[in-house]
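To start, the structure itself, in structure tokens.
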């Protein structure tokens, strides 16, 4: 998957914003790295990588993490109005900019959240390149959100992971890396 990250960086226009404070860390021991258009990037305290997170006004939260040690990408979506059961598989559809459709399975984590690992490069490129996404669960509309700044934020996640790849990750209160596996996203 090293080629995955190289391809992400090559496909991204490296327009990065200024550094500022951040507020959505998963653990109080995570290191703030940068903020770009409300996407906050952190170096994770528990796993060997970094993540980006953004929360919208109705409470939807989008989280993408890159673990450089395992070369894997994890995505988690939370929405307070989304009834999600832990361990249950959900058919999720992303519609980027009204026409670019991606389907896959995500696993419920409870607390209104679903998670997916092993994302395809094409999905991440679509995520980075588009302006808007609508999300459906089992063909029911869940939410939609703008993706402004997602390209630069994704580049920051990769740069952060490269910078902190050799920093020890033994903080006791940090969340453990999800072990749930889902199928890869279809094209």
- [ ] Sort out which residues of the stretch 69-83 are surrounded by fewer than 21 Cβ atoms within 10 Å (Cβ to Cβ) and either touching a helix residue (DSSP H, G or I) at 6+ places or on another chain (Cβ under 9 Å) or part of a loop (DSSP other than H, G, I, E, B) (or both), and write them in order of number.
- [x] 69, 70, 71, 80, 81, 82, 83
TODO: Give 42, 96 a once-over and let me know the one that is surrounded by fewer than 22 Cβ atoms within 10 Å (Cβ to Cβ), touching a helix residue (DSSP H, G or I) at 6+ places or on another chain (Cβ under 9 Å) and at pLDDT 90 or above.
DONE: 96
TODO: Tell me which residues, restricted to the stretch 113-122, are at pLDDT below 90, surrounded by fewer than 21 Cβ atoms within 10 Å (Cβ to Cβ) and at negative phi.
DONE: 120, 121, 122
Task: Criterion violated by residue 140 - all others in (1) surrounded by fewer than 16 Cβ atoms within 10 Å (Cβ to Cβ); (2) touching a strand residue (DSSP E or B) at 6+ places or on another chain (Cβ under 7 Å); (3) at pLDDT 90 or above satisfied - done: (2)
- [ ] Determine which single condition residue 62 fails, assuming it passes every other condition in (1) more than 22 Å from residue 163 (Cβ to Cβ); (2) surrounded by fewer than 20 Cβ atoms within 10 Å (Cβ to Cβ).
- [x] (2)
Task: Condition met for residue 42 (in contact (Cβ under 8 Å) with a residue 40 or more places away in the chain, over 22 Å from residue 144 (Cβ atoms) and not in a loop (DSSP other than H, G, I, E, B)) - done: yes
Task: the stretch 96-112 - residue that is outside any loop (DSSP other than H, G, I, E, B) and closer than 17 Å to residue 78 by Cα and, of those, nearest to the chain's Cα centre (by Cα) - done: 106
Task: Filter pass, residue 86 being surrounded by fewer than 21 Cβ atoms within 10 Å (Cβ to Cβ), in contact with a strand residue (DSSP E or B) (Cβ under 6 Å, 6 or more places away or on another chain) and more than 25 Å from residue 149 (Cα to Cα) - done: yes
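The values are calculated or read from the model by the stated rules, or taken from the named source; none is laboratory data. What you are looking at is a predicted structure, and each value in this text was computed from that prediction instead of being measured. Methodologically, a virtual Cβ is constructed for each residue, glycine included, from the backbone with ideal geometry; neighbour enumeration extends over all protein chains shown.
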